[in-house]
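Comments concern the structure below.
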Amino acid sequence: MVAVEAFDVADLIAARKGSEHVYADFIRSGLLSVGLASWPAGSPDTQEPHTEDEVYYVVQGRATIAVAGEERPVAPGSIVFVATGVEHRFHDIEEDLQVIVFWAPPRRSRRPE
């Protein structure tokens, strides 16, 4: 088991730049996973409610997030918690959006077979 894993956010973003939404985990343990989600400006967010709690940390970009019908603007430094099963999505993505996503338990670990 590795005791320390360290990442540079700028390197993670540079490796995933593109013209469509992408997501990739970069940390995964038995209790938590962390990944980078990217949405280009003007793109749609088509995600469905998840089977895990999520915390979004906006690194770059500007958009609005709707969570259970409540809307909030997000920009670098914004942190948003979304509980398991709650409807949510980003919209009005004005600038390319780069978001670190923390999942507990790990992403898709509760997904039905």
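Using +1 at the C-beta of Lys and Arg and -1 at the C-beta of Asp and Glu, which of Gly61, Ala3, Gly18 has the Cα lying farthest in the positive direction of the dipole of the chain?
Ala3
Along the Cα-to-C-beta direction of Thr64, a point sits 7 Å from the Cα; which residues of the range 81-111 have their amide N less than 20 Å from that point?
81-82, 87-99
Give the separation of the Cα centroids, the range 1-62 to the range 64-113, in Å.
10 Å
From the list [x] 15.8, 46; [y] 13.8, 42; [z] 20.2, 71, can you say which value of Rg and Dmax of the Cα atoms in Å was derived from the structure given?
Matching the structure shown: [y].
Please work out the FRET efficiency for the pair Thr51 and Ala15, using the Cβ-Cβ distance as r and a Förster radius of 22 Å; give the result to the nearest 0.05.
E between Thr51 and Ala15, to the nearest 0.05, is 0.20.
Under 20 Å from the 7 Å Cα→Cβ point of Ala41, by amide nitrogen: which residues of the range 71-101?
73-78, 90-100
What accessible area per residue, rounded to a whole number of Å², is obtained for the chain using a probe radius of 1.4 Å?
Accessible area per residue: 59 Å².
Could you check how much of the accessible area of the chain is carbon and sulfur, as a whole percent, using a 1.4 Å probe? Can you show the working numbers first?
Details: 3590 of 6640 Å².
For the chain, the apolar C and S fraction of the accessible surface comes to 54 percent.
List the residues, sorted by chain then number, that are 5 or more residues from Gln60 or on another chain and whose placed amide H is less than 5 Å from its amide H.
Sorted by chain and number, the residues that satisfy this are Gln98.
Please give the charge dipole size of the chain, origin at the Cα centre, charges +1 on K and R Cβ atoms and -1 on D and E Cβ atoms. Round to the nearest 20 debye.
260 debye
The values are calculated or read from the model by the stated rules, or taken from the named source; none is laboratory data. Note that the structure is a prediction, hence the values are computed from the model and not measured. Positions of Cβ are backbone-derived with ideal geometry, glycine not excepted, and every protein chain shown enters the neighbour counts. Side chains are part of the model used for accessible areas, which takes the heavy atoms of the whole protein and leaves out ligands, DNA and RNA. Shrake-Rupley method; radii C 1.70, N 1.55, O 1.52, S 1.80 Å.
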